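First comes the structure, then the notes that go with it.
The values are calculated or read from the model by the stated rules, or taken from the named source; none is laboratory data. Keep in mind that what you see is a predicted model, and the values were worked out from it rather than measured. So basically every Cβ, Gly included, is an ideal-geometry build from the backbone, and we count neighbours across all protein chains shown. When the accessible area is computed, the model is the full protein with side chains, heavy atoms only, and any ligands, DNA or RNA have been set aside. Shrake-Rupley method; radii C 1.70, N 1.55, O 1.52, S 1.80 Å.
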Amino acid sequence: MDLFLSAVVAIFVGGIIALFTGKWRGVSNFFGAFSCFLGTIFALKPIYDVLIANKTLEAITIALPICSASVSLDKISAFFALPIVILGFISAYFAAVTVNPRNEQHPGAYWFFYNLLIAGMLSLVASSNAVLFIMSWEIMSVAAYFLIAHRVEMNTARNAAWQFLVASHIGTTGIFFLFAILASAAGGFQFETFHSSALAEGSAAVIFFLALFGFGVKVGFFPLHIWMPDSYTFAESHVSAVLSGAMSKMGFYGLIRVLTFLPVHAELWGWVLLFGGLITGIYALVIALVKLDLKKVISYSSMENAGIILMAIGTGILANRWNQPLIAFTAFSGALLHIFNHALCKGLLFLCAGSVYFATGTRRQEQMGGIGKSMPVTATAFGIASIAISGLPPFNNFISEFLIFMSGLKAASLSTPKSLLLSAAVLLGLGLIGGLAAALFTRSFGLVFLGTPRTNRRLNTKNIKSDVNFTLIILSAAIIAASIFAPMLISPFAGVVSEIVKPLGITYDPAYIATISAPVKTISLFSLAVILITCIAVFIKSKFLDKNQRSDAPTWDCGFLKGTPRIQYTSSSFSEPANEVFVSVNRLHIRGEKIKELFPAKSSFHTEATDSAEKHLFIPAFNIINKFLIMFRGFQHGKLHLYIFYIAVTLLALLIWKVVY
Amino acid sequence: MNITSIIFIIVSFLAAPILPGLINKTKALFGGRQGPRVLQLYYDIFKLARKTPTYSKTASALTRIAPVAIAVSTLAALTLVPSFFNNSAIHFTGDIILMAYLLGLGRFFMVTAALDRGSAFEGMGASREVLYSALAEPSFFAGLLIMIHETASLELSEIFSKLSLNFWQENPAILFLILCSWFVILLVENARIPIDDPNTHLELTMIHEVMILDYGAKDLALIEYASALKLWIYSALIVGMVINGEIITSLTMQIAIFTLGMAIVAFVIGTIESITARIKLVFIPKFIVGSGALAIIALILKVAGN
């Protein structure tokens, strides 16, 4: 535990040194990045001890002004610290080699908030006390706000950061309330006292829904996701990688942590999570298909994966209710494995998007194309990540989705209609989500990296040093390793699962680990075989069979010899059939006139894709709130004598109150 | 892995290109023509395999890798298909998910390779393919769900062997509905009429064919072969679902009945192709979702019957 705390402190102190040495870019860069490396490597050891070596670390209590704050690292905390450590390290490296040398402004402030974010998240997972938890949560959110707002000269970044701040604080209100209820029932802020407290049935439900609201904002639960795409898009790419790969996982951490405080999980919660997750996943993909900004697409895919994870948690809760421990165990293991796998994939995708942005200076897919030829490493990494994120074998996301699928299949063999409904939601839902995700990522991969460039924009690959490629290679290798060695992950993650359900009085049979490892082992072997055979076959084909190949022919153009890059299929045309099907959800707004006359005049065509939840739910809602609050504007004149008058009136009122009562 | 499954893989490997030949023969029969030979696809594949490929200037390494990846993933999926009503070569809990997604991997390569040449047409096919297959996925799993519910087993071979004749006799409506919805999936995934026409000559209306416009020689041979194999896999699934292999004990009988079943599937596909026209592109999503609705009706019938 000492080591973990010193890691947090090291990262934090490194950030402060970087802040004060901001004038000397190199020094600031060194301290910021180096403290991150050091801290994350320090933190690995306690995580390993808890997760794999099954050691219990002694809790440490720190005296705080209001109460004492204690930190400890149980299996759940250690599991959620894993993505923070991995992405914190890789993104710090990415930042050190790309952003700051280029960035003329405030490298010190940048590193300060980056390190604060990582340190905040690490202390969040380690805190076993509500006060420290909320403090760390706020530190994390505020640091993230400053990181998103870093490109302050951009109007969009400012707006995104503002949206993030509002959304995140609306969510925090829920968290405040839920801890208030828990603390008043338990008579203390320590997490252990929460376990033993006797909660009324009703207040448990209130706590759950507050948690779903408060933490749902962070994970992007529909419709609380609207801050998410913009924030991830306008932050620097390595920050987006941390936000999406690690910070949004903190929402799951909070939700799971709160679930462990509650003695009974109601069936309704399971259904809400299952169908809420399903709607989140499908909605995210449908909206992502109308978006043309590369990073927005990746952001919405974060939301989609959050949906999948929520579905799995819901399945677990339902199966526990129905006394189906194997199904619950499979679903929870799938959820945890998916959290881990998604962190790797999303980190890689955002870093790839970042290096594409450095080279092209744009995020619009419509203006890219053919980048793969000049950036082969980025293209390969993005290709691997696309296959993985679409949930296709041979990569790791397939394995975690497979476990979730398996819990659905197992539910199908039960005989109650309810279990069939669960199974139908999981199987049909995941099937559709998988298919649409493949559509989304074939589009991004194909239109950004393949084909020919759509504009004359000159690629600036000078910025893409081999250091950048190094981060991409590391994460790609991690994805491949997580696919091939997936069976080894099952048993440490199973320990986390049993910790989650321990407060419910449920213990899972240790034999379950072997039950679900068996198919996973076969799949991993399959993955290895598919990868190896494909590589060997490609090698043989290119070495021996394609010897006399010619590669000077034009692409088939149907006899139209003057083809330009503009005749290529574009991002919006690729998703047009899908958008037509889902038009009632995505509400794609099309402006422009159809050509009618034989000799048409100049005409224009414009499509506009907004998030329906934002347009039809939040903007009207905030308008109503605004109308209500505007009534109070009359009190705020900015005139000093009026304010003095208010004070006088207040004092008078208080005096009367004191006298009367 | 037993001897039967090895025989099955070898037979599938060798015999898959016969299916398109049978379909074409059926179509010729309806059209009153002689038609191409049943073994025509073999001739085509061998002819193509001897040629040297020519690539577009725009094509990157992906164009060269994709045919191999498509073939490998389809072959990998084949190892999970029940062999003549017996256990598949590799079988484990939830193997059908891996099978469906391995075919999905093949599709991923097909689609991205289509976008690799920067063509005006190939993206068209790609964009349709990804949508239609995404919509077909839920109806595939809906049919599967009913069978798992009935047999309470999660291995593909076991599901098929436990689906007793009795069950189908008692629930002909369910059988019919699942059969219809899975047959539509077969037509969608294998680019057959009424979804797609493998013989069409207009790029704008193609789906599968347009994605491979720029392929030739060995690559095209691999892709054609993988497509035939995919058709074989889907047909084998339908045959396995309908015919209960447990009651046929001798292997020779199983092989004979399986062969007959595959021939019937090919004949039905050929008949559908002869007597129906292609549906309009804008109606295809409705058609696919409609077929999924059939499977969901079957599911409701099953629940109501419990």
* Over all residues in B:44-57, what is the mean tally of Cβ atoms on other chains that come within 10 Å of each residue's Cβ? -> 3
* All other residues with a Cβ under 14 Å from the Cβ of B:T26 taken together, and with Lys, Arg as +1 and Asp, Glu as -1, what is their net charge? -> +4
* Structure fact -> Mean accessible area per residue over the range A:612-660 (1.4 angstrom probe, all protein chains present, square angstrom) is 91
* At a 1.4 Å probe, what is the % contribution of carbon and sulfur to the accessible area of the protein assembly as shown? -> 68
* Loop chymotrypsin sites (Phe, Trp or Tyr not before Pro), the range A:455-561, which have at most 14 other Cβ atoms in a 10 Å radius of their Cβ (DSSP) -> A:F485, A:F560
* To do: Grab the other residues whose beta carbon is less than 15 angstrom from that of B:F46, score K and R as +1, D and E as -1, and report the net.
  => +2
* For A:A211, net neighbour charge (Lys/Arg +1, Asp/Glu -1) across residues whose Cβ lies under 14 Å away -> +2
* Structure fact -> For the pair A:E366 and A:K418, the simple spin-label estimate (label points 7 Å beyond Cα toward Cβ) gives in nm 5.0
* Asked: With every protein chain present, what accessible area does A:R587 have (1.4 Å probe, heavy atoms only), rounded to the nearest 10 Å²?
  -> 130
* Please work out the C-alpha center-to-center distance from the range B:86-150 to the range A:509-543 and express it in whole Å. => 19
* To do: Using only Cα atoms, locate the centre of the range A:312-339 and the centre of the range A:246-301, then give the distance between them in Å, rounded to an integer.
  => 15
* So if R0 is 25 Å, what FRET efficiency would A:R457 and A:R550 give, r being the distance between their Cβ atoms, rounded to the nearest 0.05? -> 0.25
* Asked: GluC sites (Glu not before Pro), restricted to the range A:571-653: which are DSSP loop and have at most 14 other Cβ atoms within 10 Å?
  -> A:E593, A:E597
* Asked: Which of A:K418/B:K286; A:K296/A:K615; A:K291/A:K615 have a Cα-Cα distance over 26 Å?
  -> A:K418/B:K286
* **Sequence-distant residues sharing a close amide H with B:S88 (under 5 Å, placed H)** => B:S83, B:S157
* Probe 1.4 Å, all protein chains in place: accessible area of A:C535 in Å², nearest 10? -> 80
* A:R550 accessible area, nearest 10 Å², 1.4 Å probe? -> 130
* Asked: With θ set to phi - 60° and the Karplus curve 6.51 cos²θ - 1.76 cosθ + 1.60, what are the ³J(HN,Hα) couplings of the range B:77-88 in order, to the nearest whole Hz, using x for Gly and Pro?
  -> 5, 4, 5, 9, 7, x, 9, 6, 6, 9, 4, 6
* Enumerate the amide H contacts of A:L57 below 5 Å, restricted to partners 5 or more residues apart or on another chain; note that Pro and chain-start residues carry no placed amide H. => A:L73
* Structure fact -> Between A:A553 and residues 5 or more places away or on another chain, the pairs with built amide H atoms under 5 Å apart involve B:Y55, B:K57
* Vicinal HN-Hα couplings computed from phi for the range A:579-584 (Karplus, 6.51 cos²θ - 1.76 cosθ + 1.60; Hz; Gly/Pro x) -> 5, 5, 5, 9, 4, 6
* **Cα centroid of the range B:192-217 to Cα centroid of the range A:574-643, whole Å** => 40
* Asked: What spacing in nm lies between the two simple spin-label points modelled at A:Y357 and A:T564, each 7 Å away from Cα in the Cβ direction?
  -> 3.0
* In whole percent, what relative contact order does chain B give with Cα contacts below 8 Å and a gap of six or more residues? -> 30
* To do: Mind checking A:561-568 for the average number of partner chain beta-carbons within 10 Å of each residue's beta-carbon?
  => 2
* To do: List, in order, the whole-Hz ³J(HN,Hα) value for each residue of the range B:38-44 obtained from phi through the Karplus relation with A = 6.51, B = -1.76, C = 1.60 and θ = phi - 60°; use x for Gly and Pro.
  => 5, 8, 3, 4, 4, 4, 4
* **chain B, accessible area per residue, ligands and nucleic acids excluded (1.4 Å, Å²)** => 35
* Between B and A, accessible area buried - total, square angstrom, nearest 100, 1.4 angstrom probe -> 5900
* Asked: FRET efficiency for B:Q169 and A:L640, Cβ-Cβ distance as r, R0 = 60 Å, nearest 0.05?
  -> 0.05
* Relative to the present Cα-Cα distance, how much length would full extension add between A:R158 and A:E608 at 0.36 nm per residue of separation? -> 159.8 nm
* To do: Compute the FRET efficiency between A:S584 and B:A263 as 1/(1 + (r/R0)^6), taking r as their Cβ-Cβ distance and R0 = 41 Å, and round to the nearest 0.05.
  => 0.40
* Fully extended contour minus Cα-Cα distance, from A:A601 to A:I656, at 0.36 nm per residue -> 12.1 nm
